[in-house]
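Trainee: This is the structure I have questions about; it appears just below.
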Amino acid sequence: QVQLVESGGGVVQAGGSLGLSCKGSGRTFYAMGWFRQAPGKEREFVATIGGSGWTYYADSVKGRFTIFRDNAKNMQYLQMNILKPEDTAVYYCAARGTFVPGTYRREADYDSWGQGTAVTVSS
């Protein structure tokens with residue numbers, strides 16, 4: 001059974017930092033990514049990383065967030081710096097088991113999802 005479990009959410013002041021983790025189990029993954037959903041908004045792409053280390057970031061987080069993974073542990077991480085109130089959201093870990101052509105910036109590019117972890121940035 002494929003499972004993704006996030007951890008690391010919480011409350012932080014604007015300008016602060018927070019790190020998220022996602023542990024995968026049940027299989028290895030070609031790509032892993034993070035999405036987020038703010039209150040009243042649709043879920044949006046944050047960042048993605050392939051097994052070889054390629055990465056893509058949403059423009060809104062580029063330069064502030066860093067995605068990385070540990071393939072041996074089947075884990076991915078999201079280091080979030082210079083957090084802003086608009087980063088407040090539930091963050092979801094996503095993963096794709098096998099390669100399919102795509103940008104990996106769409107929800108449809110992923111076939112496994114975590115339950116989400118809440119991040120609140122206070123002003």
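The values are calculated or read from the model by the stated rules, or taken from the named source; none is laboratory data. Bear in mind the structure is a predicted one, so any value in this text is a computation, not a measurement. All Cβ positions, glycine included, derive from the backbone under ideal geometry; neighbour counts span all protein chains shown. Areas reflect the complete protein model, heavy atoms only, side chains present, ligands, DNA and RNA absent. Shrake-Rupley method; radii C 1.70, N 1.55, O 1.52, S 1.80 Å.
Trainee: Are there any pairs, at least 6 apart or on different chains, whose C-beta atoms fall under 7 Å, with the first in region 83-95 and at negative phi and the second assigned to a loop (DSSP other than H, G, I, E, B) and aromatic (Phe, Trp, Tyr), and if so, which?
Mentor: The qualifying pairs are ALA94/TYR110; ALA95/PHE29; ALA95/TYR110.
Trainee: For region 35-46, state whether one or more residues are within 20 Å of SER122 (Cα to Cα), in contact with a Ser or Thr (Cβ under 9 Å, 6 or more places away or on another chain), modelled with pLDDT under 95 and not small (Gly, Ala, Ser).
Mentor: The answer is yes; a qualifying residue exists.
Trainee: Then there is this: Residues of region 27-76 being open to solvent by less than 40 Å² (accessible area, probe 1.4 Å), in contact (Cβ under 8 Å) with a residue 40 or more places away in the chain and not in a loop (DSSP other than H, G, I, E, B), which ones?
Mentor: Result: ALA31, MET32, GLY33, TRP34, PHE35, ARG36, PHE45, VAL46, THR48, GLY50, MET75, GLN76.
Trainee: Working only within region 82-102, note down all residues that are among the polar types (S, T, N, Q) and either crowded, with 19+ Cβ neighbours inside 10 Å or farther than 21 Å from ASN71 by Cβ (or both). Break it down into steps so the answer makes sense when it comes.
Mentor: Applying the first criterion (among the polar types (S, T, N, Q)) to region 82-102 yields 88, 98.
Answer for region 82-102, where residues must be among the polar types (S, T, N, Q) and either crowded, with 19+ Cβ neighbours inside 10 Å or farther than 21 Å from ASN71 by Cβ (or both): just THR88.
Trainee: Can you tell me how many residues in region 4-26 are without any contact (Cβ under 8 Å) to a residue 60 or more places away in the chain and polar (S, T, N, Q)?
Mentor: 2
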